[in-house]
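Here, each number is a calculation from the coordinates, and none is a lab measurement. Everything quoted here is computed from the prediction, not taken from an experiment. Glycine gets a Cβ as well: all are built from the backbone with ideal geometry, and neighbour counts include every protein chain shown.
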Amino acid sequence: MTLTRWLKRLAPLVLCFALLVTSCSSTPSRYDQVQKDTTGFRSPAAVDKKAEKGGTFNQFFPASQGDYQVIPYQEKKGFAEYKLKRGDTTVAMLTINDTISLPVAAEKYVDATELVSGYPSVGQGTTATGLLVNGRYQVKVLSRDSSFGKAERVDWLQKFDLQGLSQLQGKAVVRPKQPAATASPQSDAPVATDTVPAKPRFKLPKVQVPAPEPTLQPAG
């Protein structure tokens, strides 16, 4: 009887414990929720197989000069990035990326109203300035220090070997809009040539000359 009495007393406790375990297992922990929320966060975008190798872009970055050091930071297919340091401070990031993997990055240059070294340029927020080479290769300078403003970004964009970058044979992703050609009022007029006019194709009528009348001579 004693054992039965103890089992009856323990039964509610066992039931409560079972319910508690079930509840805990069905409610995701804070770690599980964070893991779920960050799944796929900042996951790398698919890279087009035709994208340039990141190492190809290294030769087009500016060299260290004066108080500034240009230091390699990361490189992957279709992308290369360098740090721009002044002393111990990183003042900017320098990047080149192949927009063939992300055409929308090139499309924003279609309506660009500014040029840098002859290439369409646009601002991206308040801390980045970029330009597009050959309708495909995006060169960007991103400020990492408040002392490094737009004027400095544009200056360092011009230090890239943009002409060398333009020699890459990659096909353009987009083409910036070109001003529409204005046709002259006489643009549809036939072009004059220095040819001799053709002779008339009709023949002049032949004029029949009447034969002279015979002159009568007196009989001898």
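The figures follow:
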item	result
Lys/Arg +1, Asp/Glu -1 at C-beta; the stretch 54-165 dipole; positive extreme among Val104, Gly164, Ser121	Val104
Equivalent ellipsoid semi-axes, the stretch 44-109, via Cα gyration tensor eigenvalues times 5, rooted, Å	26, 12, 10
Cα centroid separation - the stretch 103-171 against the stretch 62-80, whole Å	15 Å
Full-extension gain in nm, Tyr73 to Leu115, via 0.36 nm per residue minus C-alpha separation	12.4 nm
Packing rank of 53-59, 109-115, where each peptide gets the mean count of other beta carbons within 10 Å, highest leading	53-59, 109-115
Alpha carbon Rg of the stretch 54-165, scaled by the compact-globule rule 2.2 N^0.38 Å	0.99
Net lengthening on full extension, Leu168/Asp155 (0.36 nm per residue, minus Cα-Cα)	2.4 nm
